[in-house]
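So the structure is just underneath, and the comments pick up after that.
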């Protein structure tokens, strides 16, 4: 085949790339430059196709091999973590956060209700207390509940 020189734009059109990517491929020794702004069309197309085959086969060189190994290790870890969580849930060691929130909300509503009923129970068991005394106890209990609600 006769050697044919083309511009970066023309080579990019043939390969489906932009001019900048063509220049990056030159830097990576994948595309062949023959002169300033000129590229060997056939040699570059063949080299680019071989590069794509290598990458697709997982033989993209040391860096690609490292990336592939790292990604496989990351996937294996994620799969192991998922299985560990599933097994812990099946054993009853984990519960859904939403279920815990609902349960604690129920418990805290019950505690609040009982605390707020203290003044009336105190009034019944200690009839000598004045209305003012009972109101003072009620206010202090409400203040304590409000402070507890603000704490995180």
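Please treat every number below as a calculation from the coordinates, not as lab data. Predicted, not measured: the structure shown is a model, and the values here were computed from it. No Cβ is skipped: glycine too gets one built from the backbone with ideal geometry, and neighbour counts run over all protein chains shown.
What the table below lists for this structure:
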quantity: Those residues of region 116-137 which are within 22 Å of residue 105 (Cα to Cα) and part of a helix (DSSP H, G or I), in sequence order; calculated: 116, 118
quantity: Hits in region 90-105 - residues which are surrounded by 10 or more Cβ atoms within 10 Å (Cβ to Cβ) and outside any loop (DSSP other than H, G, I, E, B); calculated: 100, 101, 102, 103, 104, 105
quantity: Residue under evaluation residue 44, criteria (1) under 30 Å from residue 5 (Cα atoms); (2) without any contact (Cβ under 8 Å) to a residue 24 or more places away in the chain; (3) assigned to a helix (DSSP H, G or I), criterion not met; calculated: (2)
